[in-house]
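Notes follow the structure.
Derivation of every value follows stated rules applied to the coordinates shown; laboratory data play no part. Given the structure is predicted, the values throughout are model-derived calculations rather than measurements. For neighbour counting, all protein chains shown are included, and Cβ atoms are generated from backbone atoms with ideal geometry for every residue, glycine included.
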Protein chains: 2
Amino acid sequence: MNYCSECGALVTLKIPDGDDRLRHVCGECGVIHYQNPKIIAGALPVWGGQVLLCRRAIAPRYGLWTLPAGFMENGETTEQAAAREAHEEANAKLRDLRLFSVISIPHVSHVYMLYRCELVADDFYPGSESLETRLFHEHEVPWEELAFHSVRKTLECFFSDRKQGVFQVHNLSFLLPR
Amino acid sequence: MNYCSECGALVTLKIPDGDDRLRHVCGECGVIHYQNPKIIAGALPVWGGQVLLCRRAIAPRYGLWTLPAGFMENGETTEQAAAREAHEEANAKLRDLRLFSVISIPHVSHVYMLYRCELVADDFYPGSESLETRLFHEHEVPWEELAFHSVRKTLECFFSDRKQGVFQVHNLSFLLPR
Ligand SMILES: [Zn+2]
Ligand SMILES: [Zn+2]
């Protein structure tokens, strides 16, 4: 950030009065431009015993498999965002969405919120951001070709909970080793 | 938003190729300035049978009671954000934080994430954003003087779960009436 989005003047990095963090502050109009973490909302759609994965047609991690997920938009709920992403990436319609994993990734300031849900039908097909969409039984999941650690961890929690017969909400953080 | 924070040129509202929403797009360097929901992280600190509330010393809702909570910062986890807010607003130290309520408020693009937790000690006292900090038994809660609907709803869920002896994670959305 170089310029004030309100007045167009230059911003400088400084700690505002009463604050304890560096912020981008406008030298002209004084507006403080806060930057905050982003929510990545998504779904873990289930059909029978299988889960739906999408093979990415976009960077990053082109060609690898993921759960349908993406940045939450203003004006929607986390659940609506998850359903929208499943529609955009896999033309999938969901029902019975239940919050399943909430994962903080502080070094990139992302918070994943993934919903366990049922597919309404198995008539899904790739959206423009997917090369391929497919159902996988547990033993078929391409563990070595998953796009994100958050996806791997969420799938592990899902299969583990399913074995135990009780689904929890999993709140995790991925911290970098010191 | 009027100016590009990267190059200082004017931005215009338009729907970028391949998108379906109006975005602020720079007329000069072409950067798309996305705007996304913000997370408000906070705590529901418990001491014995009582819960900790803070009376707000700041706008909005000056003078009304709230759970300690505020905007999550870049570089932290949701849990760290909740602990930080409890420290800033009530000089309270928390332990055993467990995700308790996740509440979308789409008309302001906020997502609350509140953690049920224990106070480490009862030596809390008001931070600069609080007029007063106090423990309340259920029958003492100032229901008519709570600052936010999210706080009321979270407290209601807490006392109700406690009566039933099982704490859930509550994922809710506050939608405006059509
Ligand atoms: Zn300015
Ligand atoms: Zn620009």
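Take peptide A:74-82, look around each residue's Cβ out to 10 angstrom, count Cβ atoms belonging to other protein chains, and average those counts.
6
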Taking chain A as the reference, fit the longest principal axis to its C-alpha atoms, fit the long axis of helix A:149-164 to the helix C-alpha atoms, and give the angle between the two in degrees, 0 to 90, nearest 10. 40 degrees
Distance in Å, no decimals, from the C-alpha centre of the range B:85-147 to the one of the range A:71-96 is 30 Å
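Consider all pairwise Cα distances in the range B:19-153 and report the whole-number % of them above 22 Å.
On the way: 3581 of 9045 pairs.
Value for the range B:19-153: 40 percent of Cα pairs lie more than 22 Å apart.
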Radius 10 Å from Cβ of residue B:104, net charge of other residues (Lys, Arg +1; Asp, Glu -1): -2
Provide the net charge surrounding residue A:170, with neighbours chosen by a C-beta distance below 14 Å and charges set as Lys +1, Arg +1, Asp -1, Glu -1. +3
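Using +1 on the beta carbon of Lys and Arg, -1 on that of Asp and Glu, and nothing else charged, what's the dipole of the protein assembly as shown about the Cα centre, debye to 20? It would help to have the intermediate numbers written out before the result.
Values: 36 positive and 46 negative charges, 70 e Å.
Roughly 340 debye, rounded to the nearest 20.
Grab the DSSP H runs of chain B that are 4 residues or longer, score each as -39,500 (n - 2.57), total them, divide by all residues and round the 222 nm result to the nearest 500 deg cm²/dmol. Walk me through the numbers before you get to the answer.
Values: 2 runs with 29 residues, N = 178.
Calculated at 222 nm, the ellipticity per residue is -5500 deg cm²/dmol.
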The answer for residue A:132, listing residues at least 5 apart or on another chain whose modeled amide H is closer than 5 Å to its amide H, is A:55
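For the range A:3-63, with only Lys/Arg (+1) and Asp/Glu (-1) charged at the beta-carbon, what is the dipole magnitude about the Cα centre, in debye rounded to 20? Walk me through the numbers on the way to the answer.
Working: 7 positive and 5 negative charges, 116 e Å.
In total the dipole reaches around 560 debye.
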Out of the DSSP beta bridges found with both residues in chain B, what percent are antiparallel (nearest 5)? 65 percent
Karplus couplings for the range B:132-137 from phi (6.51 cos²θ - 1.76 cosθ + 1.60, θ = phi - 60°), rounded to Hz, Gly and Pro as x? 7, 10, 7, 8, 10, 6
Pop out the Kirkwood hydrodynamic radius of the range A:84-178 from its pairwise C-alpha distances, inverse of mean 1/r, in Å to one decimal. 14.8 Å
Take the Cα atoms of the protein assembly as shown, find their three principal axes, and give me the spread along each one in whole Å, biggest first. 56, 56, 50
Residues with amide H under 5 Å from that of residue B:31, placed H, sequence gap 5 or more: B:26
Dimensions of the range B:1-82 along principal axes (Cα, Å, largest first)? 59, 26, 23
Ordered shortest first, which distances in nm separate the 7 Å Cα→C-beta label point of residue A:168 from those of the other copies? 1.8
What are the residues whose amide H is under 5 Å from the amide H of residue A:173, where those residues sit 5 or more places off or on another chain and H is modelled from the backbone? A:104
How far, in nm to one decimal, is residue B:75 from itself in the other copies if the label point is set 7 angstrom along Cα toward Cβ? Shortest first, please. 3.4
Whole-Å semi-axes of the range B:123-178's equivalent ellipsoid, largest first, each the root of 5 times a Cα gyration tensor eigenvalue? 23, 18, 11
Using a simple spin-label model with points 7 Å from Cα along the Cα→Cβ vector, what separation in nm is obtained for residue A:123 and residue A:17? 6.3 nm
Indicate, rounded to the nearest 5 percent, the antiparallel portion of the DSSP beta bridges found entirely in the protein assembly as shown. 65 percent
Between 0 and 90°, nearest 10: helix A:78-90 axis offset from chain A longest Cα axis: 60 degrees
Please give the FRET efficiency for residue B:166 paired with residue B:34, using the beta carbon to beta carbon distance and R0 = 45 Å, rounded to the nearest 0.05. 0.70
Place a +1 charge on the Cβ of each Lys and Arg in the range A:38-173 and a -1 charge on the Cβ of each Asp and Glu, then give the dipole magnitude about the Cα centre in debye, rounded to the nearest 20. 300 debye
On average, how many beta carbons from a partner chain sit within 10 Å of the beta carbon of a residue in B:109-119? 2
Testing the spin-label approximation: label points 7 Å from Cα along Cα→Cβ at residue B:6 and residue A:71. State their distance in nm. 1.2 nm
